[in-house]
Amino acid sequence: MSIDTETAARVAKLARIKVEDSALPALAEEFNTILGFIEELNEVDVEGVEPMTSVTPMRLKRRADVVTEGDQQDKILANAPDAREGFFAVPKVVE
Amino acid sequence: MMSDLNTLTIAEARDKLRAGEVTSAELTEACLAAIEGAGALNAFVHDTPEIARAQAAAADARIRAGDAPSMCGIPLGIKDLFCTKGVPSQAASAILAGFKPEYESTVSQQLWDAGAVMLGKLNMDEFAMGSSNETSTYGNAVNPWRRGNDDTPLTPGGSSGGSAAAVAADLCLAATGTDTGGSIRQPAAFTGITGIKPTYGRCSRWGIVAFASSLDQAGPMTKSVRDAAIMLEAMCGHDPKDSTSADIPVPNFEAALTGDIRGKKIGIPKEYRMEGMPAEIEKLWADGTAMLKDAGAEIVDISLPHTKYALPAYYVIAPAEASSNLARYDGVRYGHRAKLAAGDGITEMYEKTRAEGFGHEVQRRVMVGTYVLSAGFYDAYYNRARKVRTLIKKDFEDVFAAGVDAILTPATPSAAFGLGEMKDADPVQMYLNDVFTVTVNLAGLPGIAVPAGLDPQGLPLGLQLIGKPWEEGELLNTAYVLEQAAGFVSKPGKWW
């Protein structure tokens, strides 16, 4: 499996990280080094093995579906780079 | 001696506090002065002297009233990964510049409830991704240890590098760390201190900035095994806010330190004897084995056949979880937002913000994680890695079922290396630092690093003990025996 610059660009896009075109070849090369390392996993016979979902066998607890904490708009917005009129503000999304 | 109160262990300080020989205020001032004089280590990145003094005064009142848990009045450093209310909590990332949480992590809250004192926040690798503290937005933390008279700055390890440097240099009595692939144990080994990662689920992850949720665990970094037992007990416990935190009682870990391990079976895994292992690591391991044998333990050779696949499995699972966890850093709710050009929409905002805010290693891991989770590759990489993880865990279950009580391995493949020395290596070379520690995270087990000797250049080396799930008490007791036998008392010479 070899990653070319086109794939590297697609992955960067999926990850929502801007990567300049000039940086793509080096990035693809790094991916290939890491994926080459990961490919050792193909040597393992995993036939019939369940993929792990929980490292400690436990039943997740349930709780009543009710509001536990609320009414703290100020605190939630306190760290926003741009908050207006009680909302997070972002660039225009709908044309 | 009032001048070196910062060098006390937690246990020593606790006893002196209870006896009225010192006050928390005095301990705290000694640590604040040590921190002020240790800028060259770049361990503390946000100091909180006002909080510390107020907490120390409250602790002293509590001690006078006769209500003093073991951690009461003990000055600590807190890894920057923990959210601390009103105090910058950046995970050493530029993307969280300016972020001051409105809430406190469960683990740090439990420490404050027990009366501990916060001196400030500690340096680390960005989002805990690194093994040398070189990916931090605050710059490198520096190891207080040096190679003899050579003044080359060395790494304190990572990701909890600031925590390790601060404890080793006596800037605090102990510190919190977190461990996803070795981030407590490797820096502990590099700096001659003790660090334990408990069983997955022992400590609540609530309020700790998430890296890889199925692997992350908090733990203490301390000057002794006894201190690790005391502090771990205060950090553990069920938390309804973390659905993976275990609802089981927390034992008195300190009471487990009997020093008696007669008849215990210690496994020596043959797969950890790596090709090209430095002679001093090989010797350290053999010496540690002999010490446990002399203490009455039975030494058995064991096999953990899937060990070699642990690192590649980790470098699928951890980036996959990170890519998902770090999706939240989008410039909307907290932290950095990039300046936008005319016509930029929300996608440009995300892409520019994340390109500016995340460092190189974090970007790389997020993108690797994105790739292994993407359509067409999910089964080939992510699901295969999760299956291999099942097999790695089974390796440990099999040896424990055969009667092994604990497993002894080296903590790291080498002593601390020079800052910048790995600059030109490919990323996989840096990942190899975690070769002995990462299996423990994948299997969810408790693991502890104990300083056990010095290399020919005078740098500390650590051994790792791995225990059965939820048996931290027994693990700490074995570590205690090893600590007593190794008699490691060396301290770095003060140059900073």
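What's the center-to-center distance, using Cα atoms, between the stretch B:235-278 and the stretch B:323-341 in Å? If you average the Cα positions of each part, the centres end up 37 Å apart. Amide H contacts under 5 Å for B:VAL117: B:GLY73, B:ILE74, B:LEU76, restricted to partners 5 or more places along the chain or on a different chain, H placed in the peptide plane at 1.01 Å from N. Both numbers refer to the Cα atoms of the stretch B:158-199; Rg and Dmax are 9.0, 28 Å. Here the Karplus curve 6.51 cos²θ - 1.76 cosθ + 1.60, taken at θ = phi - 60°, turns the phi angles of the stretch B:485-494 into couplings of 5, 6, x, 6, 10, 5, 10, x, x, 6 Hz, with x standing for Gly and Pro.
Rounded to the nearest angstrom and listed largest first, the equivalent-ellipsoid semi-axes of the protein assembly as shown from its Cα gyration tensor are 35, 31, 23.
Phi angles of the stretch B:378-383 translate, via the Karplus equation with coefficients 6.51, -1.76, 1.60 and θ = phi - 60°, into HN-Hα couplings of 4, 6, 5, 10, 5, 5 Hz per residue; Gly and Pro are given as x.
So with the 1.4 Å probe, I'd like the accessible area per residue for the stretch A:2-58, rounded to whole Å². Walk me through the numbers before you get to the answer.
Working: 3170 Å² over 57 residues.
Dividing the accessible area of the stretch A:2-58 by its residue count gives 56 Å².
Among the protein heavy atoms of the protein assembly as shown, carbon and sulfur supply 50% of the accessible surface, probe 1.4 Å, non-protein parts ignored.
Over the whole of B:359-371, what's the average partner chain Cβ count within 10 Å per residue? Rounded to a whole number, please.
Numbers: counts 0, 2, 0, 1, 6, 5, 1, 6, 11, 7, 2, 8, 11.
Counting Cβ atoms of other protein chains within 10 Å of each residue's Cβ and averaging gives 5.
Report summary: the helix-based calculation at 222 nm, which adds -39500 (n - 2.57) for every DSSP H run with n ≥ 4 and divides by the residues of chain B, gives -11000 deg cm²/dmol. Amide hydrogen proximity for A:ALA83: with H placed 1.01 Å from N in the peptide plane, the residues at 5 or more positions away or on another chain lying under 5 Å are A:ALA89. Secondary structure note: in chain B, about 65% of the DSSP beta bridges are antiparallel.
Computed from the C-alpha gyration tensor, the three semi-axes of the ellipsoid equivalent to chain B are 31, 29, 22 Å, from longest to shortest. Rounded to the nearest 20 debye, the dipole magnitude of the stretch B:105-170 is 60 debye, with +1 charges on Lys and Arg beta carbons, -1 on Asp and Glu beta carbons, and the Cα centre as origin.
Over the whole of A:82-91, what's the average partner chain Cβ count within 10 Å per residue? Rounded to a whole number, please.
Working: counts 3, 2, 0, 0, 0, 0, 3, 1, 8, 9.
The shielding value for this peptide is 3.
Determine the shielding of peptide A:30-36 by partner chains: average, over its residues, the number of Cβ atoms on other chains within 10 angstrom of each Cβ.
Numbers: counts 7, 5, 0, 4, 14, 8, 3.
So the per-residue partner count for this stretch is 6.
Here's the picture: charge each Lys and Arg Cβ at +1 and each Asp and Glu Cβ at -1 in chain B, and of B:GLY130, B:LEU171, B:GLN464 the one pushed furthest to the positive end of that dipole is B:GLY130. Taking both sides together, what accessible area is buried at the A/B interface, probe 1.4 Å, expressed in Å² and rounded to the nearest 100? Using a 1.4 Å probe, the pair buries roughly 5200 Å². For A:LYS92, the lysines whose Cα falls under 18 Å of its own Cα, not counting residues fewer than eight places away in the same chain, are B:LYS339, B:LYS352. Between the stretch A:61-88 and the stretch B:347-379, the alpha-carbon centres lie 27 Å apart.
Could you give me D for chain A, from Stokes-Einstein at 10 °C and 1.306 mPa s, where the hydrodynamic radius is the Kirkwood radius over C-alpha pairs? Units µm² s⁻¹, please. For these conditions, the coefficient is 82 µm²/s.
Please list B:333-342, B:214-223 highest first by mean number of surrounding beta-carbon atoms within 10 Å per residue. Walk me through the intermediate numbers first.
Values: B:333-342: 15.5, B:214-223: 27.0.
Packing order, densest peptide first, comes out as B:214-223, B:333-342.
Out of the stretch B:140-186, which trypsin sites (Lys or Arg not before Pro) are coil in DSSP terms and have no more than 12 other C-beta atoms within 10 Å? Passing both the DSSP loop test and the Cβ count: no residue.
Note on the protein assembly as shown: antiparallel DSSP beta bridges, both residues inside, total approximately 70 percent of the bridges counted.
Averaged per residue, chain B has 32 square angstrom of accessible surface, using a 1.4 angstrom probe with ligands and nucleic acids left out. If the Kirkwood radius is taken over C-alpha pairs of the stretch B:382-445, then at 25 °C and 0.890 mPa s the Stokes-Einstein diffusion coefficient equals 176 µm²/s. Summing Cβ point charges (Lys, Arg +1; Asp, Glu -1) relative to the Cα centre of chain B gives a dipole of roughly 620 debye. Sequentially through the stretch B:176-186, phi angles give Karplus couplings (6.51, -1.76, 1.60; θ = phi - 60°) of 8, x, 9, 9, 10, x, x, 5, 9, 6, 5 Hz, Gly and Pro residues having no value and appearing as x.
Let me spell out the model: positive unit charges on the Cβ of Lys and Arg, negative unit charges on the Cβ of Asp and Glu, origin at the Cα centre of the stretch B:251-408. What dipole size does that give, in debye rounded to 20? Present the calculation step by step, with values, prior to reporting the outcome.
Working: 22 positive and 22 negative charges, 106 e Å.
With only Lys, Arg, Asp and Glu charged at Cβ, the dipole is about 500 debye.
The values are calculated or read from the model by the stated rules, or taken from the named source; none is laboratory data. Everything numeric here is computed off the predicted structure, so don't read it as measured data. When we count neighbours, we look across all protein chains shown, and the Cβ atoms used for this are built from the backbone with ideal geometry, even at glycine. These area figures cover heavy atoms from the full protein model, side chains too; ligands, DNA and RNA do not enter into them. Shrake-Rupley method; radii C 1.70, N 1.55, O 1.52, S 1.80 Å.
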